[in-house]
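Nothing in this text is a laboratory measurement; each read-out follows from the coordinates by a stated rule. In this text, all values refer to a predicted model and were calculated from it rather than measured experimentally. Counting neighbours? That spans all protein chains shown, and the Cβs are built from the backbone with ideal geometry, glycine included.
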Amino acid sequence: MLYNLILTFYLNLTLLKTTSQTNNLTLIVAVSENNVIGKDNELVWRLKNDLKRFKELTSGHCIIMGRKTFESMPKALPNRKNIILTRNRSYQALDAFVAHTIEEALSLAADDPQPFIIGGGEIYSLFLPLADTLELTRVHGQFEADAFFPEINTQDWKLVAEEKHAASQDQDFSYSYLTYKKQVQ
Ligand SMILES: NC(=O)c1ccc[n+]([C@@H]2O[C@H](COP(=O)([O-])OP(=O)(O)OC[C@H]3O[C@@H](n4cnc5c(N)ncnc54)[C@H](OP(=O)(O)O)[C@@H]3O)[C@@H](O)[C@H]2O)c1
């Protein structure tokens, strides 16, 4: 009897914890000092180490992106659930899921404890208010472009990790990895 009571109490506690847990929605971006992210539907720099880090962080997770970003890549990124946002109801893509609203995209990623928003500009603006974490690579340079990252309200975000890297033979610019967590008001 006592054993059953303790077991029921423990099971209820576990259920409550699981259902109240929210996903750690993470925006991942490489952005210049003047908030540039891309031009003519391409990246404007090549930072090999940053691309390697992007792969490490996102592998095994859901990645949510705009239709233009998807079409800037040769194919869906492997070892990740690719989710594409478009308003086009007949859009289809190989090895990728298609969503037409924010809610649909998030529900496709509901089982992932850390889904990633991987761009581009329109999609970052849509999801910034919902994100819990920002993995931001600040590229130390100014560029001309047509795609931008939205302005961050620094009062909403706390810098929790910073790692600086100098330019080198195969990295044209210096850059910093910055991790921000959403401030709970
Ligand atoms: N530096 C980085 O880390 C990084 C990362 C990713 C991308 N980028 C760059 O960003 C640029 C692309 O960004 P972008 O802003 O032009 O395009 P995007 O955000 O990749 O995609 C825009 C498209 O998303 C769809 N969309 C937007 N809002 C929607 C909504 N509310 N509901 C449903 N679908 C919606 C629309 O697709 P439809 O037109 O099909 O309806 C829209 O045309 C490229 O230059 C790329 O290289 C940079």
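Please determine whether any residue of segment 74-82 is within 9 Å of the ligand (Cβ to nearest atom) and out of contact with any Lys or Arg (no Cβ under 6 Å at 6 or more places or on another chain). Can you show your working first?
Filtering segment 74-82 for residues within 9 Å of the ligand (Cβ to nearest atom) gives none.
No, there is no match, as no residue in segment 74-82 is within 9 Å of the ligand (Cβ to nearest atom) and out of contact with any Lys or Arg (no Cβ under 6 Å at 6 or more places or on another chain).
Restricting attention to segment 110-119, which residues are surrounded by 22 or more Cβ atoms within 10 Å (Cβ to Cβ) and at negative phi?
So in segment 110-119, the residues surrounded by 22 or more Cβ atoms within 10 Å (Cβ to Cβ) come out as 115-119.
Result: P115, F116, I117, I118.
To keep it simple, each residue is scored yes or no on (1) closer than 25 Å to E56 by Cβ; (2) aromatic (F, W, Y); (3) not in a loop (DSSP other than H, G, I, E, B).
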position: N88; (1), (2), (3): no, no, no
position: E104; (1), (2), (3): no, no, yes
position: Y124; (1), (2), (3): yes, yes, yes
position: L128; (1), (2), (3): yes, no, yes
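Restricted to segment 39-67, and to residues that are more than 18 Å from L128 (Cα to Cα) and in a strand (DSSP E or B), which residue is farthest from the chain's Cα centre (by Cα)?
Checking each candidate, the answer is K39.
Give just the number: which of (1) in contact with a helix residue (DSSP H, G or I) (Cβ under 8 Å, 6 or more places away or on another chain); (2) in a loop (DSSP other than H, G, I, E, B); (3) free of Cβ contacts under 8 Å to residues at least 40 places away in the same chain does K75 not satisfy?
All conditions pass for K75, except number (1).
Collect the residues in segment 47-73 that are surrounded by fewer than 17 Cβ atoms within 10 Å (Cβ to Cβ), over 21 Å from V98 (Cβ atoms) and within 11 Å of the ligand (Cβ to nearest atom), keeping them in residue-number order.
Listed by number, the list holds a single entry, L51.
Pairs please, first residue from segment 89-113 and closer than 18 Å to T26 by Cβ and among the aliphatic types (A, V, I, L, M), second anywhere and assigned to a loop (DSSP other than H, G, I, E, B) and within 10 Å of the ligand (Cβ to nearest atom), Cβ atoms under 9 Å, 6+ apart in sequence or on different chains.
Close Cβ pairs satisfying both conditions: A99/T86.
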